[in-house]
Amino acid sequence: MNRIVVGIDLGTTHSLVAYRREDGQVEVIPDREGRLLLPSVVALSKDGVRVGWSARERINDPETTVIYAAKRLMGRSFAETESERRSLTYPVVDHKGSPAVPDPSRNRFLTPPEIGALVLRDLKTRAEEFLSQEVSEAVITVPAYFNDAQRQATKDAGAIAGLKVLRIINEPTAAALAYGLGSGKDGLFAIFDLGGGTFDFSLLDIRKGIFEVRATSGDTHLGGEDFDRAIVSAWLEENPKLASLAERSEVRDLLRKEAERAKIALSLKPEVEVAIPALGFRTSLTRSRMNALVEPFVDRTLSCVRAALSDGGTAPADVDGVILVGGSTRFLRFKEAVAAFFGKPLFDSVDPDLVVAEGAAVQADILSGRRKDLLLLDVTPLSLGIETIGGVTSTLIPRNTTIPAQAKELFTTYVDGQTNVDIHVLQGEREMAKDNRSLARFTLSGVPPLPAGTPRIEVTFQIDANGILEVTAREQTTGTMSNVVIQPSYGLDKDDVRSLLKEAFSHAQEDFATRLLVDAKTEAQTVLNATERALEKVGSDILPDADREAIRNQMKSLRTAMEGTDGRKVRDETQALDRLTQPLAERLMNQSLSNALSGMALSKEGGSHA
Amino acid sequence: MSDTGTAEKNRSQAKLLHPDNREHSHSVCWNCEKNVGDEDVCPSCVRVQPFGPERDYYSILGLPVRLALDPRLLVAAYHEKSRTFHPDHHVEDSEKEQSITLGNASLVNLAFRTLRDPFLRAHYFIGHVKGKPARPNRKAVLSSTALMEIMDLKEERDSLLSSQGPAAAEQRLRTVIDPIERDIFHSFEEIDALIESADKEGDTLSKALDILSERLEKRSYLQNLLKEVKEAS
Ligand SMILES: Nc1ncnc2c1ncn2[C@@H]1O[C@H](COP(=O)(O)OP(=O)(O)OP(=O)(O)O)[C@@H](O)[C@H]1O
Ligand SMILES: [Mg+2]
């Protein structure tokens, strides 16, 4: 039986798995019901963990935690995900510095890689059933602009799901692989990939089976969900009463869903009616109004495009065709803007939902050793360098360098008699080290004590075809060496992955203390979020300054308790906060109820705003 | 803590661009020990061969040592070498072969990156022909007149920038950069002709290379002025 490596598109909203058949065709693998897409949704409830369609059905079940868009949290620290967390309706807590979703029924916290793993495992099972053979190797796609930590976290997700991830490739590149293969055309292609959460742009030269990535750029915070939010904000601005109802997360969810529906409808007709009877909300949305709302996003995508073109040393006119990928490229305003920018035909005939997975399957096939006619020459998306004196970044490998890549540079000491040299490895485009991402630090010791500026320390960066970076420092006179293979500063180490593998699907042990802590932290986070929202909303007319001060202080004590491991303490502090905010909650509840009752009035005021 | 400091970039040393840690000299196959000459792949046992330390970027890509290169030939050569050496085409090979392909493919990429850009290529070429390791080196000497000219231009640029905006400043800089780039390309032809004639040792070549060096240097100063305009806008 042939070894099969599958290609997986692990998307923000949907995921898919594809493989290359014996006859050379690439095929997306359906589930038992014949569906190709799997919603990237995980539902946690007392009676079990659900993934995909059945998880999505639970969205309004108050007993269930429904996790979606977890990709936005992937490979980032708790602190880095602040703005994401605000727009998510499920609880996300700080678990050893990483964001995590509490799963009280199973007594654990789920980190983004573990959530990703649940989705991946579902796809793996689907593929195994379909192919009637074990599937243990995969190529997984990520947005081009994912940094090292985000890529590593995606790999961890694969490992937890029992998949050996042979390669992480960029989504737009995958799309081009599928497209280029399908069309058989050579030339320079621009790939414009606008999905639910991320925007990616790539420039690819396709020549006789060689796919050379010339440049990539993108924005990990730009996608269809931003447009939905922009619509909701506009509605809220126009309807102050709706705004106060929208303090409740279910209301926000409802509005967002309605906004998305309206947005999608606008790609078919010039105007849509929007009505949410439950909120007494009725309005209409026109294309031109919608276009005005997304115009800032259009500008942002085009400035990424310009950056990539200039990195690739090309002008828009050099591009032979533009490939559109991702659900949000169905948005007419974007099609129009891209067509105007390049003045070239747009290729959107390939199903934008499927191409990324199909391309991943092509690369999977190459890496299974079966295909020598195709080759993908990929680049590193971000610059890599080290910190030099004064906290300045010295770049060794600039972004968009084709990999594998090697670079060497000589450095020297700053202080007379200096025997240790600190090598601080950085990723990013900023001048100052502190503004870039720290990938690793290590020390080269045993440098001969010489006057400053005399030792010759050669630093070598080697990136392999997987994008893994190895940094070596060598003192040339003595030959003393030191090196590090970059483990990102965020992410799981090998042992973590192993133990997670063991744990993942066996029952978590009944540990009362952990359980208490999980419950308490979940509760605490919910109360904190609600309080934070309430404080933002109310003025000193409802809440005297002294009370506000007291609440703030109690929030601080609670946060401190949450950093510890004592569940009881967290619970007590939460209760204390609850008591302090009780009167406030009542006052707000009254206000929100009276707003809800005056829903009819609201719909009149909120008339059409074209 | 006083003896631990951040590495400082070594300004006094020329930076090595060519890797020098090849384990094998490139005439006998590391695997079957038969003669391989300059072949990328051993004709007897079909194993890829590591590039020896004597291999320059031109020979790595199998191209003649010239300043003017046909971009299509360059890309074709690059793709051919990538097919031979890219690690993705060697996933099932031994560890030893994988490490050779990693090193070779990295060098193929570096060679292509350097030779693709005409100005980087010219820097590399000069170092190669003069037998010195090359690298774009900002500190290369410019005559004081040339420096004065640049200073004046910088002032002019700044006043244009504030009075008429970036487009005007860019346009003004272009009127100086464009002729220099034309001169540089003209040097390419001249020097290639000298290389092709047997007159390699001659004084003429060495002088032509010096002139090219200075033009490249001047251009890189001017490019910086231009870059600042772009960054400002
Ligand atoms: N007709 C349409 N007009 C505008 N937007 C649309 C349309 N159809 C789908 N979308 C948007 O496309 C987005 C989903 O796109 P896609 O499935 O490519 O994202 P994803 O792959 O899950 O996310 P990402 O690539 O960011 O990880 C959603 O925001 C959806 O609202
Ligand atoms: Mg996608």
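Scanning segment A:312-326 for residues that are among the aliphatic types (A, V, I, L, M), touching a residue at least 60 places away in the same chain (Cβ under 8 Å) and more than 16 Å from ligand 1 (Cβ to nearest atom), we see that the one that is nearest to the other protein chains (Cβ to nearest Cβ) is A:VAL319. Quick one: would you say A:VAL49 is in the same structural domain as A:LEU131 (by TED's automatic domain parsing), farther than 30 Å from A:TYR179 by Cβ and either surrounded by fewer than 19 Cβ atoms within 10 Å (Cβ to Cβ) or away from ligand 1 (no atom under 16 Å from the Cβ) (or both)? Criteria met by A:VAL49. Specify the residue that is nearest to ligand 1 (Cβ to nearest atom); the eligible residues are those in segment A:28-46 that are assigned to a strand (DSSP E or B) and free of Cβ contacts under 8 Å to residues at least 60 places away in the same chain. Checking each candidate, the answer is A:PRO39. Checking A:GLY539 against (1) surrounded by 14 or more Cβ atoms within 10 Å (Cβ to Cβ); (2) not in a helix (DSSP H, G or I), only one condition comes out false. Which one? Going through (1) surrounded by 14 or more Cβ atoms within 10 Å (Cβ to Cβ); (2) not in a helix (DSSP H, G or I) one by one, A:GLY539 breaks only (1). Restricting attention to segment A:9-23, does a residue exist that is within 14 Å of chain B (Cβ to nearest Cβ) and more than 14 Å from ligand 2 (Cβ to nearest atom)? No - not one qualifying residue is present in segment A:9-23. For segment A:217-226, state whether one or more residues are surrounded by fewer than 22 Cβ atoms within 10 Å (Cβ to Cβ) and assigned to a helix (DSSP H, G or I). Within segment A:217-226, one or more residues are surrounded by fewer than 22 Cβ atoms within 10 Å (Cβ to Cβ) and assigned to a helix (DSSP H, G or I). Here A:LEU332 fulfils each of the conditions (1) away from ligand 2 (no atom under 16 Å from the Cβ); (2) touching a residue at least 40 places away in the same chain (Cβ under 8 Å); (3) surrounded by 17 or more Cβ atoms within 10 Å (Cβ to Cβ) apart from (3). Could you look through segment A:116-153, keep only residues that are closer than 26 Å to A:ASN2 by Cα and within 16 Å of ligand 2 (Cβ to nearest atom), and pick out the one that is farthest from the other protein chains (Cβ to nearest Cβ)? Among them, the one singled out is A:VAL119. Could you check how many residues of segment B:61-75 are outside any loop (DSSP other than H, G, I, E, B) and closer than 17 Å to B:SER106 by Cα? Selection size over segment B:61-75: 3. Of all residues in segment A:235-256, those satisfying the criterion of being of a type outside the set (D, E, K, R) and away from ligand 1 (no atom under 16 Å from the Cβ) are A:TRP235, A:LEU236, A:ASN239, A:PRO240, A:LEU242, A:ALA243, A:SER244, A:LEU245, A:ALA246, A:SER249, A:VAL251.
Here's the yes/no breakdown for (1) under 20 Å from the mean Cα position of the chain (by Cα); (2) β-branched (Val, Ile, Thr); (3) open to solvent by less than 20 Å² (accessible area, probe 1.4 Å); (4) modelled with pLDDT under 90:
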| position | (1), (2), (3), (4) |
| --- | --- |
| A:GLY162 | no, no, no, no |
| A:ALA174 | yes, no, yes, no |
| A:LEU177 | no, no, yes, yes |
| A:GLY187 | no, no, yes, yes |
| A:PHE199 | yes, no, yes, no |
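Of the strands (runs of 3 or more DSSP E) lying entirely inside segment A:359-412, those containing at least 2 residues that are at the interface with chain B (Cβ under 7 Å from one of its Cβ atoms) and open to solvent by 20 Å² or more (accessible area, probe 1.4 Å) span A:405-412. I'd like the residue in segment A:267-285 that is closer than 19 Å to A:GLY224 by Cβ and open to solvent by 10 Å² or more (accessible area, probe 1.4 Å) and, out of all such residues, is nearest to the chain's Cα centre (by Cα). Once the filter is applied, the top-ranked residue is A:SER267.
The values are calculated or read from the model by the stated rules, or taken from the named source; none is laboratory data. Just so we're clear, the structure is a prediction, and the values are computed from it rather than from any experiment. In this analysis, Cβ positions are derived from the backbone assuming ideal geometry, glycine residues included, and neighbour counts consider all displayed protein chains. Quick note on the areas: whole protein, heavy atoms, side chains included, nothing else; ligands and nucleic acids left out. Shrake-Rupley method; radii C 1.70, N 1.55, O 1.52, S 1.80 Å.
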